[in-house]
Amino acid sequence: MKIGYIVGSLSTSSINREVSLAVAGLAPDGVEFVELPYYRLPLYSRDYEADMPEAVLDWKAALDSVDGIIIVTPEYNRSIPGGLKNALDWASRPSRHNSLDRKPVAIAGAAPGAIGTAVAQQHLRTILAHLNAPTLAQPEVYLSFNRDTFPGGGVVANESTKAFLQRFVDAAVDHIALCTRDHATV
Ligand SMILES: Cc1cc2nc3c(=O)[nH]c(=O)nc-3n(C[C@H](O)[C@H](O)[C@H](O)COP(=O)(O)O)c2cc1C
């Protein structure tokens, strides 16, 4: 199984990138994690659609190449970052070529504050429902980030957080397996 992970932050020192590395480090045997980078995408405009930019074609091909996706995102002003929204908008285009159609997705997020991206994740679920991407319902992962727990390099120093993230990764793998099995029988 190949799982693509999307980091919702463009920051080189992103705490959500740190969490993504931790999640990827918990992959069970037989599961490969790859990053799905979207940083070269232009800001969406219908004007591009007559002659799709190469960055868009690469992005859609990368989405097609994975069995499922884990999105690890910050919260910006009680929603998802604009760069991530732009990437999801491109994924949905052109009309009737939605790259996220029936693509299983699991969601996580980290913030320094107490609510740990909960509001952004609800917005993200709304977008993904519209795109017909089945999302893992539980566990919800709202991480209050601190350096004691995430010292760097994908290490999770707190055993209960590590066990919780392992449950999340295992549930995401089950969710993707279930959805892709259904694909095969439709
Ligand atoms: C434009 C902007 C808006 C933000 N809005 C929120 C917010 O609504 N809720 C929140 O918990 N943190 C908010 N933050 C703080 C982020 O959680 C914090 O910067 C975090 O480190 C971003 O994740 P990253 O390190 O992965 O980029 C905001 C930060 C920025 C730059």
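The values are calculated or read from the model by the stated rules, or taken from the named source; none is laboratory data. Owing to the predicted nature of the structure, the values given are computational and were not obtained by experimental measurement. Methodologically, a virtual Cβ is constructed for each residue, glycine included, from the backbone with ideal geometry; neighbour enumeration extends over all protein chains shown.
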Restricting to segment 132-151, count the residues that are charged (D, E, K, R) and either at pLDDT below 95 or under 15 Å from the mean Cα position of the chain (by Cα) (or both).
1
Checking R96, R102 in turn, the sole residue that is modelled with pLDDT under 95 and either in contact with a Pro (Cβ under 9 Å, 6 or more places away or on another chain) or exposed (fewer than 13 other Cβ atoms within 10 Å of the Cβ) (or both) turns out to be R96
In segment 1-26, residues that are more than 8 Å from the ligand (Cβ to nearest atom), over 25 Å from S160 (Cα atoms) and out of contact with any strand residue (DSSP E or B) (no Cβ under 8 Å at 6 or more places or on another chain) total 1
Counted residues in segment 56-110 being touching a residue at least 60 places away in the same chain (Cβ under 8 Å), within 11 Å of the ligand (Cβ to nearest atom) and not in a helix (DSSP H, G or I) come to 7
Screening I176, I127 for residues that are part of a helix (DSSP H, G or I), touching a Gly at 6+ places or on another chain (Cβ under 8 Å), of a type in the set (V, I, T) and farther than 25 Å from S13 by Cβ leaves only I176
Looking at (1) away from the ligand (no atom under 16 Å from the Cβ); (2) surrounded by 16 or more Cβ atoms within 10 Å (Cβ to Cβ); (3) at pLDDT below 95, can you tell me which one G116 breaks?
(1)
Just to be sure, is L43 touching a residue at least 40 places away in the same chain (Cβ under 8 Å), within 15 Å of the ligand (Cβ to nearest atom) and not in a strand (DSSP E or B)?
no
So, D148, is that one out of contact with any helix residue (DSSP H, G or I) (no Cβ under 6 Å at 6 or more places or on another chain) and part of a helix (DSSP H, G or I) or not?
no
